[in-house]
Structures are given as C-alpha cells and as structure tokens.
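The block underneath contains the structure these notes are about, expressed in structure tokens.
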Amino acid sequence: MDDIIVKKSGTVTLKRIVDGRDGALCIMNALQEIPFEIKRVYYINNLDPYSSIRGKHAHRKLRQVIFCINGSFTLSLDDGFTKQELLMREDNVGVILDPMLWHTMHDFSNGCVLLVAASDYYQEADYIRNYDEFLTLAREK
Ligand code: T46
C-alpha cells in the first residue's frame, strides 16, 4: 500500500496468522488496531468488475476502517484539498475513513469482498452526498 497523503485517513494492520494449507486468520480488536469502539460491521460482495461504483460521499461524524478481504479494488480519497487513489489488495491492511473524507470505491476484481468496521449505527443524516456541499464544508474547517 502506498503512503497515505490525504488528511483524515491512515492505515491499520491486523495480525495475520497463516496456517499453510488451512488458510489465514486476521483479527481486528476495537480500540486496538481499530481506533474506536465498533458499533457496526458490514460487508459488500457481488460487485460487477465492469460497472460497480460505491461510496461517492463523506460522513459528518462517522469513523470507519475499510478492508478488502478478498480480491482487489481502487479506493479514491479526497479530503477537500488533496486527492489520492489506493489499490486495496491486502486482506489485513485497512484504511481509516474519518469524518469529512470523500471516498469512492471502484475497479473491483472478480470475487472482491469489502468489509467495514464503523463507529456508529447507520444514519442517513450523517451522509454528505453532494460533492459541492462537501467541498464547502471541508474547506471551511
Ligand atoms: C463505505 C462503503 C464501503 C443501510 O441501511 N445500513 C447500512 O449500514 C449501510 C452501510 C447502508 N444502508 C443502506 C442505505 C442505502 O439505502 O444501503 C444503501 C446503500 O448505502 P450506502 O450509500 O452507504 O452504500 P455504499 O456502499 O456506497 O457506502 C457504504 C458506506 O456508507 C461507505 O462509507 O465506505 O459502504
């Protein structure tokens, strides 16, 4: 994974125990590798490698860590000043998505599975889905 240059992000690395032909086991602990109490975990699969695009929003208060636990995808980040694209392909390396970070997921491989640990329950009011509104808010802080 490249170094992260956008603000409001960072990486976390989970312990990965490789059991040879019996597979690999990765562990995430709240308030340890994950820098917050986890209230929600969700995963996304059945993506179309040619056309799926997810995200295209920022959150007002929610903190998240996103993992690619199978396959690969591109994570585009934008803190309002700086943009960066990251290739997600290591199942034990997650990217922190802190508030006011515009994020978009695309270019999914076959069989790609995303897993997200979130600091709070789903609330639509926490979303900023309009990019111009995001830019205004991100640049006034
Ligand atoms: C992110 C990526 C990876 C719920 O009802 N509960 C939930 O916990 C979530 C996450 C979504 N929803 C509903 C709300 C919408 O009607 O599912 C629909 C799609 O949700 P959303 O626009 O959040 O989906 P994504 O995949 O574009 O984005 C989500 C996260 O919001 C986002 O922060 O990183 O998954």
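All of the numbers you see were taken from the coordinates with simple rules; none came from a lab. These figures come from a predicted structure and were not determined experimentally. Positions of Cβ are generated from backbone atoms using ideal geometry, with glycine treated the same way; all protein chains shown enter the neighbour counts.
Assorted remarks:
- Put a plus charge on the Cβ of each Lys and Arg, a minus charge on the Cβ of each Asp and Glu, and nothing anywhere else: the dipole of region 67-133 about its Cα centre is then about 240 debye.
- Charging the Cβ of each Asp and Glu at -1 and of each Lys and Arg at +1, and nothing else, the dipole of the chain about its Cα centre rounds to 220 debye.
- Summed residue charge, Cβ within 15 Å of V12's Cβ, Lys/Arg positive, Asp/Glu negative: -2
- Net charge in the neighbourhood of E37 (other residues with Cβ under 14 Å of its Cβ; Lys, Arg +1, Asp, Glu -1) is +2.
- Nearest-20 debye value, region 49-106 charge dipole, Cβ charges on Lys, Arg, Asp, Glu: 260 debye
- Over region 71-141, the pair-distance histogram of Cα-Cα distances with 5 Å bins from zero comes to 3, 13, 23, 23, 20, 13, 4, 1 percent, rounded to whole numbers.
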